[in-house]
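Taking it in order: structure first as structure tokens, then the write-up.
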Amino acid sequence: TAGSAQTVNFSVISVPTIGINATVTPGSVTTGNSATLNISTTSAATPGTYQLGVTATGPSGSHTAAYTLTITGAGPTTGLVNGDLESGSLTPWTCQSGGAVVSTPVHSGAKALQAAATAGQTGECSQTVTLKPNTSYTLSGWVQGNYAYVGVSGGATASAWTSSSGWTKLSVPFTTGANGTVTVYLHGWYGQGNVYGDDFSIA
């Protein structure tokens, strides 16, 4: 109402990390201009109602606006989360040093998983999932690179590997144990360089 226009910076707060991505574009504006809140979800997002907030901060103060996001649907059918990496976050994958979400190469969508194999490590990226006990499943994933391994460990042990300069689908049948918990992984081999994985699923 008075004085000179100020720069207002936007930030999104209280966003669940798995399967939901929220950004404001542009990230800052001069007073009087507009910005857009963009929300996207993946199949990893759990159905439910979530509270989001957008905070605008300028030299003279700040203000937060609240939004409610409702996701409908059946949600993931297995414990595997963020199998397509489209959330842009590794979560719930954990990786050895150098593991990351990358934008190239990708099998589909805009993101893929990178496992960084070096002389001292296989670069393993993994996540723990809980399935039905004593049940047969097949883990599938698309991989690229030298000696790219996909498999499960823990409550079951099975794996497959390939060496390919293009995307190749690997399928790994396995049967869960008494508690149904297994660790799903992607890794390369010592000294063979990065390998990439995308579109992981369990059926």
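Of everything in region 148-167 that's of a type outside the set (A, V, I, L, M, F, W, C) and crowded, with 18+ Cβ neighbours inside 10 Å, which residue is nearest to Tyr196 (Cα to Cα)?
Going through region 148-167, the residues of a type outside the set (A, V, I, L, M, F, W, C) turn out to be 149, 151, 153-155, 157, 159, 162-166.
With crowded, with 18+ Cβ neighbours inside 10 Å added as a condition, the list becomes 149, 151, 155.
Working: Tyr149: 10, Gly151: 14, Gly155: 25 Å.
Checked region 148-167; the qualifying residue nearest to Tyr196 (Cα to Cα) is Tyr149.
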> If you take the residues of region 108-120 that are surrounded by fewer than 19 Cβ atoms within 10 Å (Cβ to Cβ) and either touching a residue at least 40 places away in the same chain (Cβ under 8 Å) or touching a Pro at 6+ places or on another chain (Cβ under 6 Å) (or both), which of them is nearest to Ala203 (Cα to Cα)?
Replying inline: Ser108
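Residues of region 133-158 being in a loop (DSSP other than H, G, I, E, B) and within 11 Å of Thr181 (Cβ to Cβ), which ones? Break it down into steps so the answer makes sense when it comes.
Taking region 133-158 and keeping what is in a loop (DSSP other than H, G, I, E, B), we get 133-135, 155-157.
Once the filter is applied, which keeps residues that are in a loop (DSSP other than H, G, I, E, B) and within 11 Å of Thr181 (Cβ to Cβ), region 133-158 yields Pro133, Gly155, Ala156.
Here's a check for you: in region 102-116, which residue that is assigned to a loop (DSSP other than H, G, I, E, B), aliphatic (A, V, I, L, M) and in contact with an Asp or Glu (Cβ under 9 Å, 6 or more places away or on another chain) is farthest from Ser164 (Cα to Cα)? So that I can check it myself, show each step before the final result.
Here is the first cut: in region 102-116, the residues assigned to a loop (DSSP other than H, G, I, E, B) are 103-111, 116.
After this cut, where a residue has to be aliphatic (A, V, I, L, M) as well, the list is 106, 110, 116.
Subset that is in contact with an Asp or Glu (Cβ under 9 Å, 6 or more places away or on another chain): 106, 110.
Values: Val106: 14, Ala110: 20 Å.
Looking at the filtered set, the residue picked out is Ala110.
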> Of these, Gly98, Gly123, Gly141, which one is at positive phi, surrounded by 16 or more Cβ atoms within 10 Å (Cβ to Cβ) and at pLDDT 95 or above?
Replying inline: Gly123
> So which of Gln96, Gln121, Gln114 is over 20 Å from Thr23 (Cα atoms) and out of contact with any strand residue (DSSP E or B) (no Cβ under 8 Å at 6 or more places or on another chain)?
Replying inline: Gln121
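Per-residue answers, yes or no, for (1) at pLDDT below 85; (2) of a type in the set (A, V, I, L, M); (3) surrounded by 15 or more Cβ atoms within 10 Å (Cβ to Cβ):
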| position | (1), (2), (3) |
| --- | --- |
| Ile18 | yes, yes, yes |
| Ala22 | no, yes, yes |
| Thr25 | no, no, no |
| Thr31 | yes, no, no |
| Ala44 | yes, yes, yes |
| Val54 | no, yes, yes |
| Gly61 | no, no, no |
| Thr68 | no, no, no |
>> Which count do you get for residues in region 129-146 that are hydroxyl-bearing (Ser, Thr, Tyr) and over 23 Å from the mean Cα position of the chain (by Cα)?
In response: 2
>> For the structure I just gave you, tell me whether Ser87 is buried (at least 21 other Cβ atoms within 10 Å of the Cβ), under 30 Å from Ile39 (Cα atoms) and out of contact with any Leu (no Cβ under 9 Å at 6 or more places or on another chain).
In response: yes
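What is the residue count in region 70-83 for residues that are under 15 Å from the mean Cα position of the chain (by Cα) and at pLDDT below 80?
Result for region 70-83: 2.
Would you please name the residue that is modelled with the lowest pLDDT, looking only at residues in region 1-16 that are of a type in the set (A, V, I, L, M, F, W, C) and surrounded by 12 or more Cβ atoms within 10 Å (Cβ to Cβ)? Spell out the reasoning first.
Residues of region 1-16 of a type in the set (A, V, I, L, M, F, W, C): 2, 5, 8, 10, 12-13, 15.
Pick out the ones that are also surrounded by 12 or more Cβ atoms within 10 Å (Cβ to Cβ) and you get 8, 10, 12-13, 15.
On the way: Val8: 91, Phe10: 92, Val12: 89, Ile13: 84, Val15: 68.
In this case the residue turns out to be Val15.
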> Residue check, Asp199 against (1) charged (D, E, K, R); (2) at positive phi; (3) surrounded by fewer than 16 Cβ atoms within 10 Å (Cβ to Cβ), all met but one. Which one?
Replying inline: (3)
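The values are calculated or read from the model by the stated rules, or taken from the named source; none is laboratory data. It should be emphasised that the depicted structure is a prediction, and the values quoted were computed from it without experimental measurement. Here the Cβ is made from the backbone with ideal geometry for all residues, glycine too, and neighbour counts use every protein chain on show.
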